[in-house]
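See structure below.
The values are calculated or read from the model by the stated rules, or taken from the named source; none is laboratory data. Everything numeric here is computed off the predicted structure, so don't read it as measured data. For neighbour counting, all protein chains shown are included, and Cβ atoms are generated from backbone atoms with ideal geometry for every residue, glycine included. Accessible surface is based on the protein model in full, side chains and every heavy atom, while ligands, DNA and RNA are left aside. Shrake-Rupley method; radii C 1.70, N 1.55, O 1.52, S 1.80 Å.
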Amino acid sequence: MKKLLLTVAFACMALANEINLYSGKGLDPKLANMFESQTGIKINIIKDKEQMAKMNAPDSKADLFMGMDVSTFAKLQNDGKLAPAKSKIIDSIVPANLKDENNEWIGLITAK
């Protein structure tokens, strides 16, 4: 999963110097440090609920959103808050059943 997360994040933000990751659970600091050292891209982890609420603002600075339930992604998608990730890397490594048909969300973990 670590490799997939890093690859997806990198593919989405290949030209950025830093990315804003919104996540209620945050991100393992070791994983964030590994990503930053391998790519030179700084990750700003935003996990405060008040800050995450700003993601819905018209001037939102959200680049990536990590969530735990599909209903959150459905709401964001219905509200037009998601943009497709256009990447040959994502298309080649993420199976079709783990992403939206428009690449507006991508699953990183599946439960058994």
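In the stretch 74-101, how many residues are of a type in the set (A, V, I, L, M) and within 14 Å of the chain's Cα centre (by Cα)? Before you say what the answer is, go through the steps one by one.
Initial filter on the stretch 74-101 (of a type in the set (A, V, I, L, M)): 74, 76, 82-83, 85, 89-90, 93-94, 96, 98.
The next check asks that each one be within 14 Å of the chain's Cα centre (by Cα); those that pass are 76, 82-83, 85, 90, 94, 98.
Going through the stretch 74-101 one residue at a time, the tally reaches 7.
Please go through the stretch 1-57 and give me each residue that is open to solvent by 30 Å² or more (accessible area, probe 1.4 Å), modelled with pLDDT of 75 or more and closer than 17 Å to ILE89 by Cβ, ordered by number.
The answer is GLN38, THR39.
Identify, please: which residue in the stretch 70-108 is out of contact with any helix residue (DSSP H, G or I) (no Cβ under 9 Å at 6 or more places or on another chain) and in contact (Cβ under 8 Å) with a residue 24 or more places away in the chain and is, among those, nearest to TYR22 (Cα to Cα)?
PHE73
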